[in-house]
Amino acid sequence: EHILLSRNVGVPALVVFLNKVDMVDDEELLELVEMEVRDLLSEYDFPGDDVPVIAGSALKALEGEPEYEEKILELMQAVDDYIPTPERDSDKPFMMPVEDVFSITGRGTVATGRVERGQIKVGEEVEIIGLAEESSKTT
């Protein structure tokens, strides 16, 4: 389902992490699962033979087991190497649609979203445009 959804929403590249491999003793079974994942990727028009597939255990990594910590580092390196950096018009005015708003005690209201274009620096004034008739400005 995740692969199909990724294809349908236009995700350009994937990296696969096979989790909980610490619970499997059969190396051949892990190889079979990886082959099936690669076939499924190819079925949905991803380059199944080229997509990085890393096998590890997130829980064991969190528990500090070096073998599995290394797999998380390998995963992050694969993301850095394989996932293309999105292109953004950094020379245009800053625009970030707000996706969610949180109220955090001691901090105030925090808005989250994805930057569509432009750049912003800490302390720089931004204009908030939305449901209100007049926009407001804040830092």
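Things worth noting here:
- Measure of compaction for the chain (Cα Rg per 2.2 N^0.38 Å): 1.45
- Percent antiparallel among DSSP beta bridges (both partners in the chain, rounded to 5): 70
- Comparing Pro52, Pro97, Pro12 in a Gaussian network model of the chain, where Cα atoms under 10 Å apart are tied by springs, the biggest mean-square fluctuation is seen for Pro97.
- Calculated Rg and Dmax of the stretch 71-134 using C-alpha coordinates, Å: 16.2, 51
- Using Cβ point charges alone (K and R +1, D and E -1), the dipole size of the stretch 98-138 about the Cα centre works out to roughly 220 debye.
- Eigenvalues of the alpha-carbon gyration tensor of the stretch 2-82, scaled by 5 and square-rooted, set the equivalent ellipsoid semi-axes at 23, 16, 10 angstrom, largest first.
- For the chain, the longest principal axis of the alpha carbon atoms and the long axis of helix 27-43 meet at an angle near 50°.
- Within a Gaussian network of the chain (alpha carbon springs, distance under 10 Å), most fluctuating of Phe46, Phe94, Phe17: Phe94
- For the stretch 52-139, lysine pairs with C-alpha atoms less than 29 angstrom apart, excluding pairs fewer than eight positions apart on the same chain, total 4.
Each reported figure results from applying straightforward, stated rules to the coordinates on display, with no laboratory input. Please read these numbers as outputs of a predicted model, since none were measured by experiment. FYI the Cβ positions are ideal-geometry reconstructions off the backbone, even for glycines, and counts take in every protein chain you see.
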